[in-house]
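Q: Provided herewith is a single structure, encoded as C-alpha cells, for subsequent inquiry.
The values are calculated or read from the model by the stated rules, or taken from the named source; none is laboratory data. Source: prediction; values computed, not measured. A quick note on method: Cβ atoms are made from the backbone with ideal geometry, for glycine too, and the neighbour counts reach across all protein chains shown.
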Amino acid sequence: MAAHGTLFSGMLQEFEGAARILNLEPGIWQMLTHPKRQIIVSCPVQMDNGNIEVFTGYRVQYNITLGPAKGGIRYHPDVTLDEVTTLAAWMTWKCAVAQLPFGGGKGGVICDPTKMSKRELEALTRRYTAEIIDAIGPDKDVPAPDVNTNEQVMAWFSDTYSMHVGHTSTAVVTGKPVEMGGSLGRREATGRGVMICAREAAKHLGFGLKGSRVAVQGFGNVGSIGAQLMADQGAKIIGVTDWKGGVQNDKGLDIPKLQEWVAKNKTVAGFAGGEPLGAKDVFKLDANILVPAALEKQITAENVKDIKAKLIVEGANGPTTPEAQKVLNERGVFVVPDILGNAGGVTTSYFEWVQDRHGYFWTEKEVNERLEAKMCLAFNAVLETALKYNVDMRVAAYIVAINRVATVTKLRGMYA
Ligand code: NAD
C-alpha cells in the first residue's frame, strides 16, 4: 500500500489490539487494513497574478462496505497521503461505531489557504471537485468540511458537481449552508456529542457534569461549543487554551463572553475574565474532565504525567498517542476515544444527507433529539463492550466498529 506512514501505523496499532480480541480471520484483517481506493489528482489553477499553479489533491475511500464513503476535505500545506488515508480509516471506524450506513473517506489538497484569495480558493475547489467527480456522489462518496474548509467551500463543491451531472444535487456533500440543504444543528453537533459523552461517562464513573471542573484544549468549533454545552449542564470550565495561549479561572470562565472575545481577537489569550494560562499548561490544571479539542498527538508520553483528570473526552482526532494511552490505562483514567467522542459531527452529517435525499427538513429540536439518541446508543454499545472484554474504551470502540464492518463483509461475500 502506498503512503504507509507513522500516522497510519498508529491507527494499525489501535486496530490490531481490537482485531486480536475479536479473533479476526486473516483475510478479513487484510481487507480492513488496506484502503479500497486512493486517488491522487493534479489541480491546475490560474492564480490572481496570471500564473498557473498546480496543486496536488487526494481523495481516499478507505472502506465502503457499509455505504458511501463519508469524510471531510482538508486544505493545508502539510496534507500527505498518509494523513488522508489514516483519517479515512478513522472515519470508517467512526461511522461504524455510530451505526451510520456509511463507509469512511477523506480528502485533502496541499495548499496554504491563508495565502490564497477567495477567487483562487473557489477555482481550486471547483477544479478539485471536477478531478474527482467520477468517484463522488450521494451513493458513492459524500465529502464534508474539515480543517480550513467551510460551508462556502461545500457550496462551491455542490454547485460544481450539480453542473456536471445536470441537476441540483444537495446530498453530494454535507456541512452546506442551511439555505441550500444544510442541516440545522450541524454546526453545534460535534460539541454536542462531546457533551453527551462527557455526561454519560461521568454518570458511569459516579459523578455528574454539574459541579465538574473542565479543562479544554482548543476553542474552535468543537472546543467552544463543547465547553458552552457542558457549562449549560452546570460544569465549571476552569481553563481553555488555543494556538496562542490560554486563560484560567478557578470559579469557571464565562463561555459566551469568551466566545465574543475570540470572535474579535482570534484567540482566548488576553481575555479579561481570568488569569493567563500557558498554551501547554492546560493539561496541568486541577480538572476532573479534560477535553482535547485541537490537534492530533497532544497527550504524549512526556506530558501525560501532568494530567490530573479522571475523565478525558477526545474532541479532536487522534489527540492521545498510544504510549500516553498506556500510561492513562495504568492510572485508571477513563478515555472516551475520538471515534466515539467526536462522532456527533458525522452523525448530524448523516441526518443532513437523509434530509437532502427526502427533500424534507427537520427542526433543530428534532435533529438534537435524534443526535442524543444515536450518541447514547453508541456510547452504551462501547461501554458494554469495554466491560465485557475488560478493555479500555478505545479498544472497545474498535471492537464494535471492526465487528460491524467485518460482519457485513462476510455477509456480502467475496466478489471475484
Ligand atoms: P477549529 O479550527 O475550529 O479549532 C481548532 C482550535 O484548536 C482553535 O482554537 C485553535 O486555536 C486550536 N489550536 C490549534 N493549534 C493548537 C495548538 N498547537 N495548541 C492548542 N490549541 C491549538 O477546528 P475544529 O473544527 O474545532 O476541530 C478541532 C479538532 O476536532 C480537529 O482535530 C478536528 O479534526 C476534530 N473534529 C472536528 C469536527 C467538526 O465537526 N468540526 C468533527 C470531528 C472531529
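Q: In this structure, is Val178 farther than 30 Å from Val335 by Cβ and within 16 Å of the ligand (Cβ to nearest atom)?
A: Numbers: farther than 30 Å from Val335 by Cβ: yes; within 16 Å of the ligand (Cβ to nearest atom): yes.
Answer is yes for this residue.
Q: Test Gly345 against the criterion of being surrounded by 14 or more Cβ atoms within 10 Å (Cβ to Cβ) and farther than 13 Å from Arg394 by Cα, and give yes or no. Spell out the reasoning first.
A: Details: surrounded by 14 or more Cβ atoms within 10 Å (Cβ to Cβ): yes; farther than 13 Å from Arg394 by Cα: yes.
Yes; evaluated as a whole, the condition is true for this residue.
Q: Does any residue in region 177-192 that is at pLDDT 95 or above come within less than 6 Å, Cβ to Cβ, of a residue that is part of a loop (DSSP other than H, G, I, E, B) six or more places away or on a different chain, and which pairs are these?
A: From region 177-192, the pairs are Gly181/Thr170; Gly182/Lys176; Thr190/Asn342.
Q: Is it the case, given these coordinates, that Gln30 is buried (at least 17 other Cβ atoms within 10 Å of the Cβ) and either part of a helix (DSSP H, G or I) or modelled with pLDDT of 95 or more (or both)?
A: Working: buried (at least 17 other Cβ atoms within 10 Å of the Cβ): no; either part of a helix (DSSP H, G or I) or modelled with pLDDT of 95 or more (or both): yes.
In short, no.
Q: Specify which of the listed residues (Gly72, Gly107) is in contact with an Asp or Glu (Cβ under 6 Å, 6 or more places away or on another chain), within 16 Å of the ligand (Cβ to nearest atom) and not assigned by TED's automatic domain parsing to the domain that holds Gly318.
A: Working: Gly107 fails: in contact with an Asp or Glu (Cβ under 6 Å, 6 or more places away or on another chain).
Gly72 is the lone residue from the list that is in contact with an Asp or Glu (Cβ under 6 Å, 6 or more places away or on another chain), within 16 Å of the ligand (Cβ to nearest atom) and not assigned by TED's automatic domain parsing to the domain that holds Gly318.
Q: From Ala401, Ala294, Ala301, Ala309, grab the single residue that is in the same structural domain as Ala231 (by TED's automatic domain parsing), more than 27 Å from Lys210 (Cβ to Cβ) and of a type in the set (Gly, Ala, Ser). Write out each step before concluding.
A: Values: Ala401 fails: in the same structural domain as Ala231 (by TED's automatic domain parsing); Ala294 fails: more than 27 Å from Lys210 (Cβ to Cβ); Ala309 fails: more than 27 Å from Lys210 (Cβ to Cβ).
After ruling out the rest, the residue left standing is Ala301.
Q: While we're on this one: Can you find a residue in region 185-201 that is in a helix (DSSP H, G or I), away from the ligand (no atom under 16 Å from the Cβ) and over 23 Å from Asn249 (Cα atoms)? Even if it seems obvious, please write down each step before you answer.
A: Applying the first criterion (in a helix (DSSP H, G or I)) to region 185-201 yields 186-201.
Narrowing the set further to residues that are away from the ligand (no atom under 16 Å from the Cβ) leaves 199-201.
If we keep only those that are over 23 Å from Asn249 (Cα atoms) too, we end up with 200-201.
Among the residues of region 185-201, at least one is in a helix (DSSP H, G or I), away from the ligand (no atom under 16 Å from the Cβ) and over 23 Å from Asn249 (Cα atoms), which makes the answer yes.
Q: Filter the helices (runs of 4 or more DSSP H) completely within region 314-403 down to those with at least 1 residues that are farther than 25 Å from Gly67 by Cα and in contact (Cβ under 8 Å) with a residue 40 or more places away in the chain.
A: Numbers: elements: 322-330, 338-341, 344-358, 364-389.
Per the criteria, 322-330, 364-389.
Q: For region 117-136, enumerate the residues that are without any contact (Cβ under 8 Å) to a residue 60 or more places away in the chain, surrounded by fewer than 24 Cβ atoms within 10 Å (Cβ to Cβ) and in contact with a helix residue (DSSP H, G or I) (Cβ under 9 Å, 6 or more places away or on another chain).
A: Within region 117-136, the first condition is being without any contact (Cβ under 8 Å) to a residue 60 or more places away in the chain, and the residues that meet it are 118, 121-122, 125-126, 129-130, 133-134.
Next, from what is left, pick out any that are surrounded by fewer than 24 Cβ atoms within 10 Å (Cβ to Cβ): 118, 121-122, 126, 130, 133-134.
The answer is Lys118, Leu121, Glu122, Arg126, Ala130, Ile133.
Q: For region 123-143: of the residues being in contact with a Ser or Thr (Cβ under 7 Å, 6 or more places away or on another chain) and more than 21 Å from Asp112 (Cβ to Cβ), which is farthest from the ligand (Cβ to nearest atom)?
A: Filtering first and then ranking leaves Ala130.
Here's the yes/no breakdown for (1) at positive phi; (2) more than 21 Å from the chain's Cα centre (by Cα); (3) within 16 Å of the ligand (Cβ to nearest atom):
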residue	(1), (2), (3)
Leu295	no, no, yes
Gln298	no, no, yes
Val313	no, no, yes
Pro322	no, no, no
Leu328	no, yes, no
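Q: Inspect region 38-51 for any residue being part of a helix (DSSP H, G or I), out of contact with any Asp or Glu (no Cβ under 7 Å at 6 or more places or on another chain) and surrounded by fewer than 21 Cβ atoms within 10 Å (Cβ to Cβ) and give the result as yes or no.
A: First, pick out the residues of region 38-51 that are part of a helix (DSSP H, G or I): none.
Looking for residues that are part of a helix (DSSP H, G or I), out of contact with any Asp or Glu (no Cβ under 7 Å at 6 or more places or on another chain) and surrounded by fewer than 21 Cβ atoms within 10 Å (Cβ to Cβ), one finds none in region 38-51, hence no.
Q: How many residues are out of contact with any Leu (no Cβ under 9 Å at 6 or more places or on another chain), at negative phi and within 15 Å of the ligand (Cβ to nearest atom) when one looks only at region 153-175? Talk me through it step by step, then tell me what you get.
A: Residues of region 153-175 that are out of contact with any Leu (no Cβ under 9 Å at 6 or more places or on another chain), as a first pass: 154-155, 157-175.
Cutting the leftovers down to at negative phi gives us 154-155, 157-165, 167-174.
Restricting the remaining residues to those that are within 15 Å of the ligand (Cβ to nearest atom) gives 154, 173-174.
Looking only at that region, the number is 3.
Q: Counting just the residues of region 217-241 that are in a strand (DSSP E or B) and near the ligand (Cβ under 7 Å from one of its atoms), which one comes out farthest from Pro145 (Cα to Cα)? Give the derivation first.
A: Kept after step one, since they are in a strand (DSSP E or B), are these residues of region 217-241: 217, 236-241.
From what's left, near the ligand (Cβ under 7 Å from one of its atoms): 217, 241.
On the way: Gln217: 21, Thr241: 23 Å.
In this case the residue turns out to be Thr241.
Q: For residues that are within 25 Å of the chain's Cα centre (by Cα) and without any contact (Cβ under 8 Å) to a residue 60 or more places away in the chain, scanning just region 270-282, find the one that is farthest from the ligand (Cβ to nearest atom). Can you show your working first?
A: Restricting attention to region 270-282, the residues satisfying the condition of being within 25 Å of the chain's Cα centre (by Cα) are 279-282.
With the extra rule that they be without any contact (Cβ under 8 Å) to a residue 60 or more places away in the chain, the set shrinks to 279-281.
Details: Ala279: 6, Lys280: 8, Asp281: 11 Å.
It comes out as Asp281.
Q: From the list Asp286, Asp242, which one is in contact with a strand residue (DSSP E or B) (Cβ under 9 Å, 6 or more places away or on another chain) and closer than 30 Å to Thr174 by Cα? Break it down into steps so the answer makes sense when it comes.
A: Values: Asp286 fails: closer than 30 Å to Thr174 by Cα.
After applying the criteria, what remains is Asp242.
Q: Hey, among the residues in region 342-394 that are away from the ligand (no atom under 16 Å from the Cβ) and polar (S, T, N, Q), which one's nearest to Gln325 (Cα to Cα)?
A: Checked region 342-394; the qualifying residue nearest to Gln325 (Cα to Cα) is Asn390.
Q: Now, a different point. Can we say Val291 is within 11 Å of the ligand (Cβ to nearest atom), in a strand (DSSP E or B) and of a type outside the set (Phe, Trp, Tyr)?
A: Numbers: within 11 Å of the ligand (Cβ to nearest atom): yes; in a strand (DSSP E or B): yes; of a type outside the set (Phe, Trp, Tyr): yes.
Criteria met by Val291.
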